[in-house]
1. Which residue out of Val33, Val44 is within 18 Å of Met1 (Cβ to Cβ) and either of a type outside the set (Gly, Ala, Ser) or in contact (Cβ under 8 Å) with a residue 12 or more places away in the chain (or both)?
2. For segment 50-78, enumerate the residues that are in a loop (DSSP other than H, G, I, E, B), open to solvent by less than 70 Å² (accessible area, probe 1.4 Å), of a type in the set (A, V, I, L, M, F, W, C) and over 19 Å from Gly10 (Cα atoms).
3. Report, by residue number, each residue of segment 14-41 that is part of a loop (DSSP other than H, G, I, E, B) and either buried (at least 17 other Cβ atoms within 10 Å of the Cβ) or at positive phi (or both).
4. Suppose the filter is more than 11 Å from the chain's Cα centre (by Cα) and either assigned to a strand (DSSP E or B) or closer than 19 Å to Leu17 by Cα (or both); does Val44 pass it?
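The values are calculated or read from the model by the stated rules, or taken from the named source; none is laboratory data. Remember, it's a predicted structure, so these values are computed and weren't measured experimentally. Using ideal geometry, Cβ is built from the backbone for each residue, glycine included, and neighbour counts are taken over all protein chains shown. Ligands, DNA and RNA are stripped out before the accessible areas are found, and what is left, the full protein with its side chains, is counted by its heavy atoms. Shrake-Rupley method; radii C 1.70, N 1.55, O 1.52, S 1.80 Å.
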Amino acid sequence: MTRILLLGAGRSASSLLQYLLQHAPQQNWQLTVADMQPAHLEPVLAAHAAYAQAVPFGMQNETGLLRLVQGADIVVSMLPALLHGPWLGPACNWAATW
């Protein structure tokens, strides 16, 4: 099983999310979608509960970010690019060396 973490589930992530949900069962993917407001994902993920879940996520919670990244094989960020350098990049580097 490949664990995929999708950070950010805004409008720009909708096509990617649909692709991941469509292919997850055949590819043996377990998808975690992390968003500041995960409640809007419940209707989308309801039919895919066996292999997809939504979790709350905020960039200010560095411990939570590290935990999410460490639990993933693949991290896909749909966050604004300016957040990659100060928070996401170091978290991925830390998880890779852990």
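1. Val33
2. The answer is Ala72, and nothing else.
3. Asn28
4. Yes, satisfied.
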